[in-house]
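The values are calculated or read from the model by the stated rules, or taken from the named source; none is laboratory data. Values in this document were obtained by computation on a predicted structure and should not be read as measured data. Neighbour counts are summed over all protein chains in view; Cβ atoms, including those assigned to glycine, are modelled from backbone coordinates with ideal geometry.
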Amino acid sequence: MKATLALALPACLLFLACNQPVTSYGNAQKTETVNADFGSTDLQMIAETMVTSLLASGKLEPDAAEPGKPPVVAVARVVNSTSEHIDTKSITDKIRTALVKSGKVRFSALDAQADLLRQYRLQGVLADDATAKGAGKQVGTKYILRGDIASIVKNQGRTKDVYYKLTLNLVEVETAIIQWAEEKEIRKESVRKIIAF
């Protein structure tokens, strides 16, 4: 019994050691094809398509109250209409970052309004009057960027086919007119392998 245990213990330890994942850094731009779920490559393709289209559209006109300055845009969260968990904030963050870097757009921090109100209250009480920043001086938003991501999933035997479509709209706040719209379609297919014993 002891001999069997003595032989089994090293075999178990060897199995556990060999079963541990090996982690390494990879190229963030490399095409990710682990499965058909929404992934980093999809996010990058969507952001690139949307940013390129919006900047080329000529629809980002300056506000009449601030001639010569890039228009102010607010980003509403992309609605996830898929059955899959998709971090839509990562999509809008990537698009917003690329647009800010272009220098052709300024962004209103809609998602930071609660933090800004708290800061106004604190500065009204704690800050020196000469440097305190108060409410009422935010620059008005000219456009809202909003969108929706949807998917169609089909399974047939070992094959899974997923179709994604992201639609993004640039809405002028004053008129509620959609000034620009773009969509990006992605189709992915994965086939489960047959495991032979």
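Out of the residues in the range 134-182 meeting the condition of being under 23 Å from A56 (Cβ atoms) and of a type in the set (F, W, Y), tell me which one is surrounded by the fewest Cβ atoms within 10 Å (Cβ to Cβ). Show your work before the answer.
Residues of the range 134-182 under 23 Å from A56 (Cβ atoms): 141-149, 164-173, 175, 177-182.
Those left that are additionally of a type in the set (F, W, Y): 143, 164, 180.
Numbers: Y143: 26, Y164: 23, W180: 19.
Checking each candidate, the answer is W180.
So how many residues does the range 44-58 have that are over 12 Å from the mean Cα position of the chain (by Cα), closer than 13 Å to L99 by Cβ and free of Cβ contacts under 8 Å to residues at least 60 places away in the same chain?
Looking only at that region, the number is 4.
Tally the residues that are surrounded by fewer than 11 Cβ atoms within 10 Å (Cβ to Cβ) and either among the aromatic types (F, W, Y) or not in a loop (DSSP other than H, G, I, E, B) (or both), restricting the search to the range 94-111.
Selection size over the range 94-111: 1.
Considering each residue of the range 49-89, count those that are of a type in the set (A, V, I, L, M, F, W, C) and within 29 Å of I152 (Cβ to Cβ), and give that number.
Of the residues in the range 49-89, 9 are of a type in the set (A, V, I, L, M, F, W, C) and within 29 Å of I152 (Cβ to Cβ).
For T23, indicate whether it is at pLDDT below 90, outside any loop (DSSP other than H, G, I, E, B) and over 16 Å from G147 (Cβ atoms). Break it down into steps so the answer makes sense when it comes.
Numbers: at pLDDT below 90: yes; outside any loop (DSSP other than H, G, I, E, B): no; over 16 Å from G147 (Cβ atoms): yes.
So T23 fails the test.
Which residues, counting only those in the range 138-189, are of a type in the set (V, I, T) and under 22 Å from D93 (Cβ atoms)?
Of the residues in the range 138-189, the ones of a type in the set (V, I, T) are 139, 141, 144, 149, 152-153, 159, 162, 167, 171, 173, 175, 177-178, 186.
Once the filter is applied, which keeps residues that are of a type in the set (V, I, T) and under 22 Å from D93 (Cβ atoms), the range 138-189 yields V139, T141, I144, I149, T167, V171, V173, I186.
Would you mind finding the one in A114, A150, A74 that is of a type in the set (A, V, I, L, M), over 18 Å from L55 (Cα atoms) and either touching a strand residue (DSSP E or B) at 6+ places or on another chain (Cβ under 8 Å) or part of a loop (DSSP other than H, G, I, E, B) (or both)?
From the options A114, A150, A74, the qualifying one is A150.
Pull up the range 60-85, narrow it to residues that are more than 19 Å from A112 (Cβ to Cβ) and under 15 Å from the mean Cα position of the chain (by Cα), then point me to the one that is surrounded by the fewest Cβ atoms within 10 Å (Cβ to Cβ).
H85
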